[in-house]
Amino acid sequence: FDDRKTGNCWLQQGKNGRCQVLYMPGMSREECCRSGRLGTSWTEEDVPNSTLFRWMIFNGGAPNCIPCKETCDNVDCGPGKKCKMNRRSKPRCVCAPDCSNITWKGPVCGSDGKTYRDECALLKSKCKGHPDLEVQYQGKCKKTCRDVMCPGSSTCVVDQTNNAYCVTCNRICPEVTSPDQYLCGNDGIVYASACHLRRATCLLGRSIGVAYEGKCIKAKSCDDIQCSVGKKCLWDSKMGRGRCAVCMETCPESRSEEAVCASDNTTYPSECAMKQAACSLGVLLEIKHSGSCNCKRNKNEMKRENKQQQQKKLYLIKNPQNQWKSMNTM
């Protein structure tokens, strides 16, 4: 091929062998392939825009597609990735994070609330389409802040779904200029703004949550509380106050959902099912613990968890300088 002849530059070659996602028409192969980007392809046909449109919409791409790269030579996949030849002898960039500096070999809790086998597994997931994913803390994700050691100056907070997260407390909130910013917390305290509520939540170490907008009132029932559109008032008979909640009509079908024991001592198949029941009854239901109300945690399981925590603490005592080395390299 004459590298100086103008054709069309494409960003990828599909599995059907055709060029897809037009980058720029009227470009020579030399110019098109100069970036060294894997996937960039070129077609030599100089065709009108109507033909290009027909190829892209009806034909699955342009025919006679010439990939810029046939091997992994001089392919730059970017950080955390490397080039490998696939089964069809085509070069492909695959996730291969550098895990050589990771000192903690056990499970870690990600910022998405999921437990990963180790930090390397989390980095692979981050590479595969979750760029904001970070390590929150070492060990499995917890339902309580007990035994959670957050890095740096971050603080452990249990949210409204009973999951423990490490967050940085914002200690300064802007001055409130409008009474419209007032919020009534689930603890019955008036907060000047959402920022003030978040700050109190962070310092307390567990979720407070918004009962409703505006100042707290002495309500005798949910009839006295006006919820915003899309929310329903649920009455907390224990505390003698109401809160506004979003009621879901249907629960997503998921086999991974864990049964929960609610504050009414009833077992529900999932947290969503518990919330549905609360909405239909008009009363506040909260999770007492995971699993059936009739099932207490196995003592051996608790001993095993305690042993793992002791091992983790011992590791950190012996290796204080390496405690968060793995996080700083991310």
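The values are calculated or read from the model by the stated rules, or taken from the named source; none is laboratory data. All values reported here derive from a predicted model rather than from experimental measurement. Please note: Cβ atoms are built from the backbone with ideal geometry, for glycine as well, and neighbour counts cover all protein chains shown.
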Considering only residues that are among the β-branched types (V, I, T) and assigned to a loop (DSSP other than H, G, I, E, B), look in region 49-75 and name the one that is nearest to M85 (Cα to Cα).
-> T71
Every residue from region 173-214 that is of a type in the set (A, V, I, L, M), out of contact with any strand residue (DSSP E or B) (no Cβ under 6 Å at 6 or more places or on another chain), within 20 Å of L284 (Cβ to Cβ) and assigned to a loop (DSSP other than H, G, I, E, B) = I189
Residues (more than 15 Å from D159 (Cβ to Cβ) and under 27 Å from the mean Cα position of the chain (by Cα)) located in region 204-228 = A211, Y212
When region 232-248 is examined, which residues are found to be touching a residue at least 24 places away in the same chain (Cβ under 8 Å) and either under 24 Å from the mean Cα position of the chain (by Cα) or under 17 Å from N162 (Cα atoms) (or both)?
-> A245, C247, M248
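Residues checked against (1) over 28 Å from C272 (Cβ atoms); (2) more than 17 Å from the chain's Cα centre (by Cα); (3) at pLDDT below 90:
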{"position": "V108", "(1), (2), (3)": "no, no, no"}
{"position": "Y116", "(1), (2), (3)": "no, no, no"}
{"position": "A121", "(1), (2), (3)": "no, no, no"}
{"position": "N162", "(1), (2), (3)": "no, no, yes"}
{"position": "G188", "(1), (2), (3)": "no, yes, no"}
Within region 218-270, how many residues are of a type in the set (S, T, N, Q) and farther than 18 Å from S280 by Cβ?
-> 4
Any idea which residue in region 1-35 is modelled with the highest pLDDT, counting only those that are more than 26 Å from R88 (Cβ to Cβ) and in a loop (DSSP other than H, G, I, E, B)?
-> K5
So is P97 surrounded by 16 or more Cβ atoms within 10 Å (Cβ to Cβ) and touching a helix residue (DSSP H, G or I) at 6+ places or on another chain (Cβ under 8 Å) or not?
-> yes
